[in-house]
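Undergrad: This structure is in structure tokens; I'll ask about it shortly.
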Ligand SMILES: C[S@@+](CC[C@H](N)C(=O)[O-])C[C@H]1O[C@@H](n2cnc3c(N)ncnc32)[C@H](O)[C@@H]1O
């Protein structure tokens with residue numbers, strides 16, 4: 001099933017991985033890719049009409065029952081595997097809210113750096129680098145979807161492109177987008193210091209060296225006034241009632257992604 005360039009289709013690679021998982025007894029003998037996938041969002045590969053061929057050292061795997069032994073077998077036997085993480089795709093990594101601690105997936109093998117190149121409606125791409133053991137997986141809505149939502153909000157609401165706040169900025173995609181859209185200044189804030197480190201890296205990678213300020217605070221403790229727009233992008237399920245109230249005091253327009 002190899003392409004002449006040597007790459008294998010993703011579903012063949014995933015089947016190879018599942019075979020190892022079956023042999024190691026961490027999934028039942030009758031396991032299927034749909035039910036026992038070692039990556040989230042498995043619909044991408046088993047439903048694709050155009051098989052995706054992937055190269056060596058490209059896949060980051062995640063499963064709650066991975067062990068050190070399984071991880072080293074996968075890294076040795078499946079050339080496409082770049083990193084093996086232990087954890088549940090349902091758990092939030094990073095910091096859920098002000099009352100929570102910081103969670104990580106455990107790295108069992110390899111390097112968890114992931115680079116996402118995102119298309120935008122500006123015709124310009126945004127590059128986001130993350131460490132998948134520390135950064136949340138966008139399951140409910142992809143970051144590209146969020147950028148489209150923000151783009152439509154700006155287009156439909158005639159927002160002044162002065163000062164914007166990206167109040168829970170994470171890796172910085174939304175604020176970076178606002179700067180690329182022409183906002184004079186973006187105030188980035190996130191409660192998790194690991195996100196702030198990633199944000200600084202992403203600003204540099206996207207060629208942004210001015211027009212921003214960075215805070216590492218709970219949004220509840222951020223004191224900024226007179227902004228034109230505040231963007232709130234909390235994790236699903238977090239109660240953002242107070243956060244939105246505070247955003248409305250600080251900015252003329254508030255958009256909840
Ligand atoms: C869904 S993510 C944001 C994703 C972000 N738009 C991006 O491009 O990566 C939610 C973010 O909210 C941050 N967060 C959680 N509680 C917070 C709070 N009380 N104040 C500020 N940030 C918070 C988390 O650290 C996380 O980075």
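Undergrad: Evaluate the range 226-236: report whether one residue or more is out of contact with any helix residue (DSSP H, G or I) (no Cβ under 6 Å at 6 or more places or on another chain) and free of Cβ contacts under 8 Å to residues at least 60 places away in the same chain.
TA: No - not one qualifying residue is present in the range 226-236.
Undergrad: Residue under question is residue 206, and the condition is that it be over 25 Å from residue 245 (Cβ atoms), in contact with a helix residue (DSSP H, G or I) (Cβ under 8 Å, 6 or more places away or on another chain) and in contact (Cβ under 8 Å) with a residue 24 or more places away in the chain; does it hold? Reasoning before the result, please.
TA: Working: over 25 Å from residue 245 (Cβ atoms): yes; in contact with a helix residue (DSSP H, G or I) (Cβ under 8 Å, 6 or more places away or on another chain): yes; in contact (Cβ under 8 Å) with a residue 24 or more places away in the chain: yes.
In short, yes.
Undergrad: Any idea how many residues of the range 168-202 are within 18 Å of residue 118 (Cα to Cα), out of contact with any strand residue (DSSP E or B) (no Cβ under 7 Å at 6 or more places or on another chain) and within 12 Å of the ligand (Cβ to nearest atom)?
TA: Matching residues across the range 168-202 total 1.
Undergrad: Within the range 177-191, work out how many residues are within 12 Å of residue 160 (Cα to Cα) and out of contact with any helix residue (DSSP H, G or I) (no Cβ under 7 Å at 6 or more places or on another chain).
TA: First, the residues of the range 177-191 that are within 12 Å of residue 160 (Cα to Cα): 178, 181-185.
Next, from what is left, pick out any that are out of contact with any helix residue (DSSP H, G or I) (no Cβ under 7 Å at 6 or more places or on another chain): 178, 182-185.
Residues in the range 177-191 being within 12 Å of residue 160 (Cα to Cα) and out of contact with any helix residue (DSSP H, G or I) (no Cβ under 7 Å at 6 or more places or on another chain): 5 in total.
Undergrad: Does residue 43 fit the bill of being modelled with pLDDT of 85 or more and surrounded by fewer than 16 Cβ atoms within 10 Å (Cβ to Cβ)? Break it down stepwise before answering.
TA: Numbers: modelled with pLDDT of 85 or more: no; surrounded by fewer than 16 Cβ atoms within 10 Å (Cβ to Cβ): yes.
Answer is no for this residue.
Undergrad: Report, by residue number, each residue of the range 100-121 that is touching a helix residue (DSSP H, G or I) at 6+ places or on another chain (Cβ under 6 Å) and assigned to a loop (DSSP other than H, G, I, E, B).
TA: 120, 121
Undergrad: Looking only at the range 151-160, which residues are touching a strand residue (DSSP E or B) at 6+ places or on another chain (Cβ under 7 Å) and within 16 Å of the ligand (Cβ to nearest atom)?
TA: If we filter the range 151-160 for residues that are touching a strand residue (DSSP E or B) at 6+ places or on another chain (Cβ under 7 Å), which is where we start, we get 153, 157, 159-160.
Within the range 151-160, 153 is the sole residue that qualifies.
Undergrad: Next up: Would you mind finding the one in 174, 128, 96, 150 that is crowded, with 17+ Cβ neighbours inside 10 Å, closer than 30 Å to residue 68 by Cβ and touching a helix residue (DSSP H, G or I) at 6+ places or on another chain (Cβ under 7 Å)?
TA: Working: 174 fails: closer than 30 Å to residue 68 by Cβ; 96 fails: touching a helix residue (DSSP H, G or I) at 6+ places or on another chain (Cβ under 7 Å); 150 fails: closer than 30 Å to residue 68 by Cβ.
Every option except 128 fails the conditions.
The values are calculated or read from the model by the stated rules, or taken from the named source; none is laboratory data. The structure displayed is predicted, hence computed values, not measured ones. In this analysis, Cβ positions are derived from the backbone assuming ideal geometry, glycine residues included, and neighbour counts consider all displayed protein chains.
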